[in-house]
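Enquirer: Dumping the structure here so I can ask a few things about it.
Read-outs throughout are calculated quantities, based only on the coordinates presented, and are distinct from any laboratory measurement. If you're wondering where the values come from, they're calculated on a predicted model, not measured in any experiment. Cβ placement follows ideal geometry from the backbone for every residue including glycine, while neighbour counts extend to all protein chains displayed.
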Amino acid sequence: MWIYEKKLQYPVRIGKCDLKMARYLLTQYGGPDGELSAAIRYLNQRYTIPTNEAKALLTDIGTEELAHVEIITTMIYQLTKDATVEQLEAANLGSFYAIRDGALFPSDANGVPWTAGYIQAHADPITDLHEDMAAEQKARSTYENLIKLTDDPGIKDALSFLREREVVHFQRFGEALRIVQEYQQAKKVY
Amino acid sequence: MNERAELLLQIQEAEFAAVELQLYLDTHMYDQKALMEFNHYSNLIATLKHEYEMKYGPLLNFGFSPSQYPWRWLESPWPWEEQY
Ligand SMILES: [Fe+2]
């Protein structure tokens, strides 16, 4: 069960309409290493992971990733909500407007729809946790690219927060991996 | 920053500390100091949340927050509309 909390995890300060940046940010909504992929990846892997530490971590990080989806979609919404059709066209977003006006849609920065092909699940806890650690690093790299694509202090600030979370998640998954390895060793011994 | 946003920021800060400690405790279940800190933030969140909800309406759905009359869950701004 999930409960909704009517607030963002981190305050997002968006000053002005910036359509180019909104388009780049889409990749962290519905792109391969985006927040939606992260949430689904972790919440889906919980069922077959053997240790309680990893069950808790996949549940908690998966839940936090859902809050990150909301931060990213809020940024995209606020950056685009005041745009005119002419501005959208000028920012190469005319094709996005033609399909769905200003509605949000989980796609990458090129408009390619989100797909479950972006996630992996193998039941082998060593395999899954390595997948998760790699995913966190890929998300970190993507945030670093995005930070270089803007000079807006409000956007940079929110992206830096999200980048930092990926670093922490990587660290915790690494600890969960070590615990799983110890658990498997102990099973072999006795 | 208005008074509501100020109080919300305090909740965001306390909840962030709790999220961070929760993830840490998931892989360090015997760390008593971290557990004490976690319980400290848990209490702080409850106090701040109570103050916020009395003034500005429910933060959580499905019975985890009470509401005054009329049903205050509907009140704007929603999180994606928040202007800082
Ligand atoms: Fe993450």
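Enquirer: Excluding B:Pro77 itself, calculate the net charge of residues whose Cβ lies under 12 Å from the Cβ of B:Pro77, where each Lys or Arg counts +1 and each Asp or Glu counts -1.
Expert: 0
Enquirer: Can I ask one more? Pairing the Cα long axis of helix B:32-56 with the longest principal axis of chain B, what angle in degrees results, from 0 to 90 and rounded to the nearest 10?
Expert: Here the helix axis deviates by roughly 0 degrees.
Enquirer: Then there is this: Provide the per-residue ³J(HN,Hα) series for segment B:11-18, in order, calculated from phi with Karplus coefficients 6.51, -1.76, 1.60 and θ = phi - 60°, each as a whole number of Hz, with x at glycine and proline positions.
Expert: Using θ = phi - 60°, the values come out as 5, 4, 5, 5, 5, 5, 4, 5 Hz.
Enquirer: Under 10 Å, Cα contacts only: if you run a Gaussian network model on chain A, which one of A:Ala121, A:Ala91, A:Ala158 comes out with the highest mean-square fluctuation?
Expert: A:Ala91
Enquirer: Also, quick follow-up: Kindly identify segment A:41-100 as rounded, prolate or oblate by the Cα gyration tensor criterion: order the square roots of the eigenvalues as a ≥ b ≥ c, call it rounded if a/c is under 1.5, otherwise compare a/b with b/c, prolate if a/b is larger, else oblate.
Expert: prolate
Enquirer: Let me know the shape class of segment A:1-86, please: from the alpha-carbon gyration tensor, a ≥ b ≥ c as square roots of the eigenvalues, rounded when a/c is under 1.5, otherwise prolate if a/b is greater than b/c, or oblate.
Expert: Cα axes put segment A:1-86 in the prolate bin.
Enquirer: State to the nearest 20 debye the size of the charge dipole of segment A:1-129 about its Cα centre, where the only charges are +1 on K and R beta carbons and -1 on D and E beta carbons.
Expert: In total the dipole reaches around 240 debye.
Enquirer: Separate question: Once you list every other residue whose beta carbon is under 15 Å from the beta carbon of A:Gly34, what net charge do they have if Lys and Arg are +1 and Asp and Glu are -1?
Expert: -4
Enquirer: Something else: Tell me which residues come under 5 Å, amide H to amide H, from B:Leu60 once H is placed; ignore anything under 5 positions away on its chain.
Expert: A:Lys6, B:Ser65
Enquirer: Could you list, in their original order, any pairs among A:Lys138/A:Lys187; A:Lys6/A:Lys55; A:Lys16/A:Lys148; A:Lys6/A:Lys148 whose Cα atoms are separated by more than 21 Å?
Expert: Flagged as over cut-off: A:Lys138/A:Lys187; A:Lys6/A:Lys55; A:Lys6/A:Lys148.
Enquirer: Right, another one. Taking the Cα centre of segment B:3-81 as origin, work out the dipole magnitude from +1 charges on Lys and Arg Cβ and -1 charges on Asp and Glu Cβ, in debye rounded to 20.
Expert: 260 debye
Enquirer: What does the C-alpha gyration tensor say about the overall shape of chain B? Classify as rounded when a/c is under 1.5, otherwise prolate if a/b is larger than b/c, or oblate.
Expert: prolate
Enquirer: Separate question: Amide H neighbours of A:Ser107 under 5 Å, at least 5 residues apart or on other chains, H built in the peptide plane: list them.
Expert: Counting only residues 5 or more places away or on other chains, the set is A:Gly30, A:Trp114.
Enquirer: State the answer as a single residue: which of B:Gln12, A:Ile49, A:Trp114 lies farthest towards the positive end of the charge dipole of the protein assembly as shown, with beta carbon charges of +1 for Lys and Arg and -1 for Asp and Glu, about the Cα centre.
Expert: A:Ile49
Enquirer: Take each complete run of DSSP H in chain A, measure how far its Cα atoms stretch along the helix's own axis, and keep only those covering 20 Å or more with mean Kyte-Doolittle hydropathy at least 1.0; list them.
Expert: Result, helices passing both filters: zero.
Enquirer: Quick one: what do you get for segment A:19-189 if you divide its Cα Rg by 2.2 N^0.38 Å?
Expert: 1.16
Enquirer: What list do you get for A:Phe173, B:Phe62, A:Phe96 if you sort them by fewest beta carbons within 10 Å?
Expert: B:Phe62, A:Phe96, A:Phe173
Enquirer: Whole Å is fine, so just give me how far the alpha carbon centre of segment B:1-63 lies from that of segment A:98-159.
Expert: A separation of 27 Å, based on Cα centres.
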